[in-house]
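Worksheet: the structure to be examined is printed underneath.
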Amino acid sequence: MRERLSVVATLAVGATLLAAGAGAQNAGVRLVVTPPTSLLDQAVNVHVVGLHPRQTITVVTETKDVLGKLWRSRLAYRADQHGRVNTHGHMRLLWALEPIRKSAEPSPFVPTVGPTTVTIRAVAEKRTLATGSLVRRAGAHVTRTDATLARAGFVGAYFAPGTRARRPAVLQLGGAQGSYGHFPAAVLAGHGYPTLSLAYFNEPGLPKTLKEIPLEYFAKALRWLAGQPGVDPSRILVYGVARGAEAALLLGATYPELVHGVIASSPSADVLGAYPGPGAAWTLGGKPVLEGPIPVWQIPGPVLAFGGGKDLYYSSAYAVHELVERSAEHGRHNVVVRVYPDAGVGVGFGIPTLPTYGRVIKLGNHYIGVGGTPGANVRAWAASWPLVLRFVRTMPA
């Protein structure tokens, strides 16, 4: 009996020592996020210290979107010989996020404009070793004003920065869905640039489809934008993606007194027809804008155009070079292009630190991917976004 009690006691002591050892593994492990607060497009660094040399951990990142849905990523890292893990500002922790509950129709991550907390944990053998957090937001003092057809003559959302100093301003146009979005408009405002995100169909009071949209509708929004406090009316640019990029180029050619620069993400080089057809997508003076080459040579201001070699929507890599050649044929050299051979649609219009999951285009009842690979698209978004900010910042008066 004494022998049995001795064995039980020994086992109990051993279990206690193992438990103590497990607890000791957590001691001294720290996870630090630098900076602890950031803009949505700003890279951050995650640093884990106090691990065993060459120890493998999983970094689990969680946050919620504007609808309150939980998104999570899990990435494996191996500590160096000093027991440290350093992400070196690589934002895969964020662009690899996926919704916990996936729906049949893929939906992209839409962040909130205000502060959102991101929780980051270092996990080993299903135990959390250390936890840190990050607070992200579009901007410190960004305000949003909704514009209605009855009140303003157009539909959209205006994002104003906290500063009242006169700055370049942006008219943002989305693509084939026609409605307005909060991003990247809110992030541009966070950088100090007033931005009006404009719907041009598929909203109450507007045409249901991309057919016979008057260019005068955009002109009204441009004049409104020019009159807002803090807007420099001599430095207004139009920033569009896909069909919105087509509209941006047309507006630059049609209203040079209102548009002083154009950013075209995944544009066509030609005026395209209605979608769904038949008919014209755009009108001017009550008459259809005929299909054919976009007169980019009539745009007096600078033009920045982005194309993706794996664009499944347009052949935008080819189209942007067409824009350069046509402009040069008329003695103009104001079109600058950037092509990313392995990227899909939307380069130049994506915030690089947002998840790649669900970035799709809806055409009617069908969804198509953006093309390219997630890695190539993230690299293209990361490379093109600073060019967008620099283009806006350096707009000549």
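The values are calculated or read from the model by the stated rules, or taken from the named source; none is laboratory data. All values derive from a computational prediction rather than experimental measurement. Positions of Cβ are generated from backbone atoms using ideal geometry, with glycine treated the same way; all protein chains shown enter the neighbour counts. Heads up: the accessible areas ignore ligands, DNA and RNA and are worked out on the full protein's heavy atoms, side chains in. Shrake-Rupley method; radii C 1.70, N 1.55, O 1.52, S 1.80 Å.
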Cα centroid of the range 210-246 to Cα centroid of the range 282-323, whole Å: 16
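When you have a sec, figure out the Kirkwood radius of the range 258-317 from all distinct Cα pair distances and drop it here in Å to one decimal?
It is 13.1 Å.
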Any idea how far apart ARG164 and ASN45 come out in nm if each label point goes 7 Å out from Cα toward Cβ? 3.9
Partner aspartates and glutamates whose C-alpha sits under 17 Å from that of LYS211, ignoring same-chain residues fewer than 8 away, are GLU203, GLU246, ASP270, GLU291
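How much net charge surrounds LEU51 when only other residues with a Cβ under 15 Å from its Cβ are counted (Lys, Arg +1; Asp, Glu -1)? Each step should come with its number before you reach the end.
Values: positive: ARG30, ARG54, ARG78, ARG84, ARG121, ARG127; negative: ASP80, GLU125.
Net charge in that neighbourhood comes out at +4.
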In the full protein assembly as shown, how much of GLU257 is accessible to a 1.4 Å probe, in Å² to the nearest 10? 110
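Taking all pairs of different Cα atoms in the range 140-281, averaging 1/r and flipping that mean, what Kirkwood radius in angstroms comes out?
On the way: mean 1/r = 0.0673 Å⁻¹.
Mean inverse Cα-Cα distance, inverted, gives 14.9 Å.
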With x for Gly and Pro, the residue-by-residue ³J(HN,Hα) of the range 321-330, computed from phi through the Karplus equation 6.51 cos²θ - 1.76 cosθ + 1.60 at θ = phi - 60° and given in whole Hz, is 5, 4, 4, 4, 5, 5, 5, 5, 4, 9
Residue list for the range 173-213, given a label point 7 angstrom along the Cα-to-Cβ vector of THR148 and an amide N cut-off under 14 Å: 204-206
In Å, descending, principal axis extents of the Cα set of the range 25-150: 65, 36, 21
Kirkwood hydrodynamic radius, computed over distinct alpha-carbon pairs, for the range 275-349: how many Å, to one decimal? 13.8
If I build a Gaussian network model for the chain, linking alpha-carbon pairs within less than 10 angstrom, which residue out of GLY301, GLY139, GLY286 has the largest mean-square fluctuation? GLY286
Show log10 I(q)/I(0) for the range 225-293 at q = 0.27 Å⁻¹, two decimals, from a solvent-free Debye sum over equal Cα scatterers. -1.19
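Under a Cβ-Cβ cut-off of 10 Å, what is the net charge of the residues other than ALA269 that fall near it, where Lys and Arg count +1 and Asp and Glu count -1?
In short, -3.
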Stick to Cα atoms and the Kirkwood definition of Rh, then tell me Rg/Rh for the range 95-135. 1.06
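Could you state the accessible area per residue of the range 226-310 in Å², with a 1.4 Å probe and every protein chain left in place? Write out the running numbers ahead of the final one.
On the way: 2610 Å² over 85 residues.
Solvent-accessible surface per residue comes out at 31 Å².
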With all protein chains present, the chain has a carbon and sulfur share of its accessible area (1.4 Å probe) in percent of 56
What share of the DSSP beta bridges in the chain is antiparallel, in percent to the nearest 5? 65
All aspartates and glutamates inside 15 Å of LYS287 as judged from Cα atoms, apart from same-chain residues fewer than 8 positions distant: GLU212, GLU216
Straight-line reach from LYS126: which lysines fall under 26 Å, measuring Cα to Cα and dropping same-chain residues less than 8 apart? LYS64, LYS69, LYS102
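Calculate, in nm to one decimal, what ALA104 and ARG84 gain on full extension: separation in residues at 0.36 nm each, minus their alpha carbon distance. Intermediate results must be reported in sequence, preceding the final value.
Details: separation 20, 0.36 × 20 = 7.20 nm, distance 3.98 nm.
Fully extending the segment from ALA104 to ARG84 adds 3.2 nm.
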Shape verdict for the range 212-358, please, from the Cα gyration tensor: rounded (a/c under 1.5), prolate (a/b greater than b/c) or oblate. rounded
Correct choice for volume of the Cα convex hull per residue in Å³ that was computed from the model, options (i) 150; (ii) 165; (iii) 541: (ii)
Take the range 89-198, drop everything but the C-alpha atoms, weight them equally and run the Debye formula without solvent; then report log10 I(q)/I(0) at 0.10 Å⁻¹ to two decimals. -0.42
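Kindly provide the helix-only [θ] at 222 nm of the chain, computed as the sum of -39,500 (n - 2.57) over DSSP H runs of four or more divided by all residues, to the nearest 500 deg cm²/dmol? Walk me through the numbers before you get to the answer.
Values: 8 runs with 97 residues, N = 397.
Result for the chain: -7500 deg cm²/dmol, rounded to the nearest 500.
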Report the residues of the range 199-236 in range of a label on LYS287: point 7 Å along Cα→C-beta, backbone N strictly under 18 Å from it. 212-217
